[in-house]
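Encoded as structure tokens, the structure appears first; notes follow it.
The values are calculated or read from the model by the stated rules, or taken from the named source; none is laboratory data. Just so you know, these numbers come straight off a predicted model, no measurement behind them. Backbone-built Cβ (ideal geometry, glycine too); neighbour counts: all protein chains shown.
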Amino acid sequence: MIPDMIDKALSYCEKNKKKFVGDLSKLVAIPSVSFPGFPAQNVVKSAKAVADLMKRSGLEHIQIIKFPGAHPYVYGDWLHAPGKPTLLLYAHHDVQPPGRTELWKSPPFKATERNGRLYGRGAADDKAGVVVHTSAVAAYLETAGKLPLNVKLIIEGEEESGSTSLEKFLKKYARKMQADAIVLTDTGNFDVGLPSITTTLRGLVALDMEVKSMDHPLHSGMWGGPIVDPVLAASKILASLTDEQGRIAIPGIYDDVRVSDEDRRKLEAMPYTEATLREQAALLPSARIVGGDRSILEKGWRQPSVSVNAIQASSKKDCANIINESVWCHVGIRTVPDMDMDRVADMLVDHLKTHAPWGVQVNISNISKAPWWKTEPSGPVFEAARRALAKGYGCEPVNMGCGGSIPFVGPFASVLGGAPALLIGVEDPYTNPHSENESLHLGDFQKAISSAVHLYEEIARTSAAGASRPKELAAA
Ligand SMILES: [Zn+2]
């Protein structure tokens, strides 16, 4: 490699800070919500914008990949480094709905800078991921005219709505996706300025529950007393999901949860206090920390938890003196290694049904299961990543867990025959993804781009070690 190739790429990044933010702002302006009920045309529009950005970054073979009834993927590559490893770079261009627009301090689809952060839906999750990849690629191609290794970019269009076509996609494009390692830029850092590699993800078992007692609402004055109120019945069912400490009260649910003593010690040793949690979550002073006596990080990353994400029966607007005929709830359990997803789903359904009081009908539908994931962060690819992050951020990276679920990580890693999966992202504890006022720390955005520039070089160098070529890379 030309020795100053990386220096030129890095100074390109320095000079183009504004351009990168501009590229990101253009993507944020497209409301590419992939949820049902939102215009799919906007996701098509953002796919086109991503394809255009890839083209401007110097990538080749750009393709918008569509499946019937699915939101489009965007692919592009640069494969002119024979004998060098190939990285598959992942991000997604779809976003969550904006939520309650009145709570946004600036319009959700207008990227707005305040106090060193860029606010907007998708500014971090995950349009920043897209722009990290394209910027790092451009930094090499615009200066040296080449990359130190081969890259393939795959930008998904329906991650937020559950990656529903992923299986079909990977089946059809398994060959096209082949790489020596995958870099998934859709996670976060442990703190602002502290680079992190995510090594565990929780899974998610979720479902809809309808609790019903009649076929139409009744006047609560005329009928209240003898008639079962399904909202109260559902409240009892939901209340039975946790114990006094806020731990899940489904018998046997913790049976398969395994946290080694070593992992537990590592989690306890991380610099994280109750005060940090309170600040990051903006928790009210009176609200207690729940979930039992394990460390906060263990509870968030390595223990299961249950949430009721939505409840609907009548509405604030239509509130009247009625007994509702039914109530709808969305309930989810975050799972951890080594819980069995089918077993968790069965246990949850069984618990909800057996705890229904007063003979109400409990209808369960839309059961979804996204698996948990765990990797052993060792080997040359992880070492290269740690060096790259240290150089990009100017401090040593940490390994962390993530309480969230990213269903595509497992399938992608397995289609690559177990190639190392690097989960390195740009979010931080103040990002507020999926909520109102989502934002990106612009300093970390720039550091993430520099880290990616270093990563390509570090991984290329690892493979050039000839005879000592690492096992993972040799698999290609
Ligand atoms: Zn995401």
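So which of Ile227, Ile237, Ile182 is over 30 Å from Thr276 (Cβ atoms) and within 16 Å of the ligand (Cβ to nearest atom)?
Being over 30 Å from Thr276 (Cβ atoms) and within 16 Å of the ligand (Cβ to nearest atom) holds for just one of Ile227, Ile237, Ile182, which is Ile182.
Looking at the range 436-476, which of its residues are touching a Cys at 6+ places or on another chain (Cβ under 7 Å) and at pLDDT below 95?
Selection gives nothing.
Being within 23 Å of the chain's Cα centre (by Cα) and not hydroxyl-bearing (Ser, Thr, Tyr) is true for just one of Ala320, Ala345. Which residue is that?
Working: Ala320 fails: within 23 Å of the chain's Cα centre (by Cα).
None of the other options fit; the residue is Ala345.
So Val74 fits all but one of (1) under 16 Å from Gly22 (Cβ atoms); (2) within 16 Å of the ligand (Cβ to nearest atom); what number is the exception?
(1) is the only condition that Val74 fails.
If you go through the range 132-169 one residue at a time, how many are more than 16 Å from the ligand (Cβ to nearest atom) and within 14 Å of Ala70 (Cα to Cα)?
Of the residues in that region, 4 qualify.
Considering only the range 112-123, I want to know if a residue exists there that is in a helix (DSSP H, G or I), farther than 29 Å from Ile64 by Cβ and not aromatic (Phe, Trp, Tyr).
no
Looking at (1) over 27 Å from Leu166 (Cβ atoms); (2) hydroxyl-bearing (Ser, Thr, Tyr); (3) within 16 Å of the ligand (Cβ to nearest atom), find the lone condition where Tyr90 falls short.
(1)
So which residues in the range 108-151 are buried (at least 24 other Cβ atoms within 10 Å of the Cβ), farther than 30 Å from Lys84 by Cα and not acidic (Asp, Glu), if there are any at all?
Pro108, Ala111, Tyr119, Gly120, Arg121, Gly122, Ala123, Ala124
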